[in-house]
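A.B. asks: This is the structure I have questions about; it appears just below.
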Ligand code: 13P
Ligand code: SF4
């Protein structure tokens, strides 16, 4: 069986659009109708006209698509594709934090469950976090769950940022020692980091941005060599769009194992069997929708 042809045939039959995050395996990125960072995928999910959205990413991303488009069938091809950072905060935990800081607005990274989003005032992604925090009329905010992104934002705003202590294990694994070694080895290389990296790694970066920001930055740069401080899935498009440039991944196994769970086989089976359907309780969806909708009204930074 030609699995790619079968996926295309089934997608047509099911009136399905395939959305894929920039960290997906090359084959998935190649077959997707649309690839992007979390923000671009949310925007796309809010405006597609297809009956079905197959989300090749992790659970919170598919959930966000459902929150934005509840009239569509949203499928996640691997039901266990989660995000360990999103699991580091619960709605109950966040409520306790809100009790500790009454009246302080909560900014919630989209890497979180719908129940957590429902507790927040507004969501953000790595592409718009600085603008989102700036847009809030308060000199203090709670930022959850990524302490590294929250710390990054605090560099640009004149507000107290109270951090929830969550993190991405994949980005946290990168050390400044490794980056310094690479910089020593390739002194002409430009180092680009995702804001989920540790603050001392971010300190060494020439540019910090969302996953899609890597593409924009590299494309417009006249430099030839780049050290990539994010998950290696971005290499697919970076290499395709910039055949004359060289990319060095900051550490060999810079890989999110959840993002890599989806394969052509699971995408095919997802479309064939219409699984796994992502749905949430309507009350929760409406509250989470509010936080996401507000986010979409603020322009992106990167
Ligand atoms: P982006 O929003 O930059 O695509 O990042 C999502 C993510 O999960 C990074 O680890
Ligand atoms: Fe979550 Fe990190 Fe994987 Fe992104 S790379 S989905 S933050 S675990």
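No lab work stands behind these numbers, since they all come straight from the coordinates. If you're wondering where the values come from, they're calculated on a predicted model, not measured in any experiment. We place every Cβ from the backbone using ideal geometry, glycine too, and count neighbours over all the protein chains shown.
A.B. asks: Once the principal axes of the Cα atoms of region 67-210 are found, what is the range along each, listed largest first in whole angstroms?
C.D. replies: Principal-axis extents of the Cα atoms in region 67-210, largest first: 49, 42, 23 Å.
A.B. asks: I need to check one value: relative contact order of the chain, counting alpha carbon pairs closer than 8 Å and at least 6 residues apart, in percent.
C.D. replies: 23
A.B. asks: For region 173-284, what is Rg from Cα atoms divided by 2.2 N^0.38 Å, rounded to two decimals?
C.D. replies: Compared with the compact-globule rule of thumb, region 173-284 sits at 1.31.
A.B. asks: Considering just Cα atoms, how many Å³ per residue does the convex hull of region 233-302 enclose? List each step's numbers first, then the result.
C.D. replies: Values: hull volume 13.0 nm³, N = 70.
Looking at region 233-302, the number lands at 186 Å³ per residue.
A.B. asks: Using Cβ contacts closer than 10 Å as the measure, can you line up 66, 109 from fewest to most?
C.D. replies: Going from least to most buried by this count: 66, 109.
A.B. asks: What's the percent breakdown of Cα-Cα distances in the chain across 10 Å bins, shortest bin first?
C.D. replies: Computed distribution, short to long bins: 6, 28, 34, 23, 8, 0.
A.B. asks: Given the alpha-carbon gyration tensor of region 11-95, what are the semi-axes of its equivalent ellipsoid in whole angstrom, ordered largest first, with each equal to the square root of 5 times an eigenvalue?
C.D. replies: They are 22, 15, 11 Å, listed largest first.
A.B. asks: Would region 49-120 count as rounded, prolate or oblate if I go by the C-alpha gyration tensor, calling it rounded below 1.5 in a/c and otherwise prolate when a/b exceeds b/c, oblate otherwise?
C.D. replies: Prolate, because a/c is 1.5 or more and a/b exceeds b/c.
A.B. asks: If you don't mind, there's one more thing I want to ask. As a test of the formula, what do you get for the chain when each DSSP H run with n ≥ 4 contributes -39,500 (n - 2.57) and the sum is divided by the residue count, at 222 nm and rounded to the nearest 500 deg cm²/dmol?
C.D. replies: Using -39500 (n - 2.57) per qualifying helix, the result is -11500 deg cm²/dmol.
A.B. asks: Same structure again: Compute the relative contact order of region 206-302 as a whole-number percentage, counting only Cα pairs closer than 8 Å that sit 6 or more residues apart in sequence.
C.D. replies: 26
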